[in-house]
Each structure stands twice: as structure tokens, then as C-alpha cells.
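Before any comments, here is the structure.
The values are calculated or read from the model by the stated rules, or taken from the named source; none is laboratory data. Predicted model only: the values in this text are computed from it and were never measured. Cβ coordinates were reconstructed from backbone atoms using ideal geometry, including for glycine residues, and neighbour counts include every protein chain displayed.
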Amino acid sequence: MHGDDKIDSTFIESSSTELTTIESEDFNMFVEKFSAEESFQMQRIKFPISVVVPDAEHEGMAPIEETISKYDWEQLDLTYDSTYLTRPYDQYYQVVRFKNDTAIVEIRGINNGIYADYYFSLISNRWYLVTLYEASF
């Protein structure tokens, strides 16, 4: 009987440990840290990252796929303030859409050509930037 108690207690301990590892990282907290800390951002991007961008060489600026390495990456700031919608220039709004284990940060300009989608995936309960679509002109 005493041995059973020990087994139950061990089971409960490993269960609660399991529960904490199962919890997914909060996306909003992740984005704040991702935007503020360059070293954290570099750790949370799946390099080399595929990006779709307008082809400056093409007359119609047709989108092309490129790859960005860790060394060519420029820090990204996805923090959003509602004043971005009403400021005098480069107005845009930002929406986050969730689908299963994916979060898409959509940035849309107001009459200015800003258009970008950043795709994040939940991998082992942590968020990673996996690809992006930048069609701003």
C-alpha cells in the first residue's frame, strides 16, 4: 500500500511537469520579445527563410521567391500602436489571424502600398517565423 502511494505521487509529479511543457507560448508576449530583442529574434526565425517579394527587375513587379540567410536579416519590429492608423504618413493597420498552429501577422497600408504577411508556426510549443510575403511597393 505504501508503494502505491509513492507511484501515485510520482505520477502526479510527472503529470504536472508534462502539463507545463504542453502549454503553448503566448503569441502576444512572444511578439513583444521578438520585436524588442535582436538575439531572441535571430533564435526564433527558421533560417534560411523563404520570402516572397516584388521583383524590382520586372516591369509589373511580379512576386518572386528569395531566401534570406541569418547574415542578411534585418531586425523586424511587429509591435503595433493604434496611432499608426491615423499618423500623417505611412498609415497602416495590423491584424493577427490564427489557424491551427499558425499565426499570420497581416500589415495593410491605407492608400500607400504597404502590404505584408508574416507567417509564424508553433513548433514544440514555441513560436517561430517561418516565411513572409512582402508585396509593398
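For the range 100-113, residues that are assigned to a loop (DSSP other than H, G, I, E, B) and among the charged types (D, E, K, R) total 1.
Which count do you get for residues in the range 59-113 that are in contact with a strand residue (DSSP E or B) (Cβ under 8 Å, 6 or more places away or on another chain) and either surrounded by 12 or more Cβ atoms within 10 Å (Cβ to Cβ) or not hydrophobic (A, V, I, L, M, F, W, C) (or both)? Here the count works out to 33.
Filtering the range 79-135 to residues that are in contact (Cβ under 8 Å) with a residue 40 or more places away in the chain, more than 19 Å from PHE30 (Cα to Cα) and among the small types (Gly, Ala, Ser) leaves only ALA135. Does the range 114-124 hold any residues that are out of contact with any strand residue (DSSP E or B) (no Cβ under 7 Å at 6 or more places or on another chain) and surrounded by 12 or more Cβ atoms within 10 Å (Cβ to Cβ), and which are they? Residues satisfying the conditions are LEU122, ILE123. Out of everything in the range 46-99 that is part of a loop (DSSP other than H, G, I, E, B) and within 15 Å of TYR118 (Cβ to Cβ), what residue ends up being modelled with the lowest pLDDT? Ranking the candidates gives TYR80 first. For residues that are modelled with pLDDT under 95 and among the β-branched types (Val, Ile, Thr), scanning just the range 108-137, find the one that is nearest to GLN91 (Cα to Cα). So, considering only residues that are modelled with pLDDT under 95 and among the β-branched types (Val, Ile, Thr), the one nearest to GLN91 (Cα to Cα) is ILE110.
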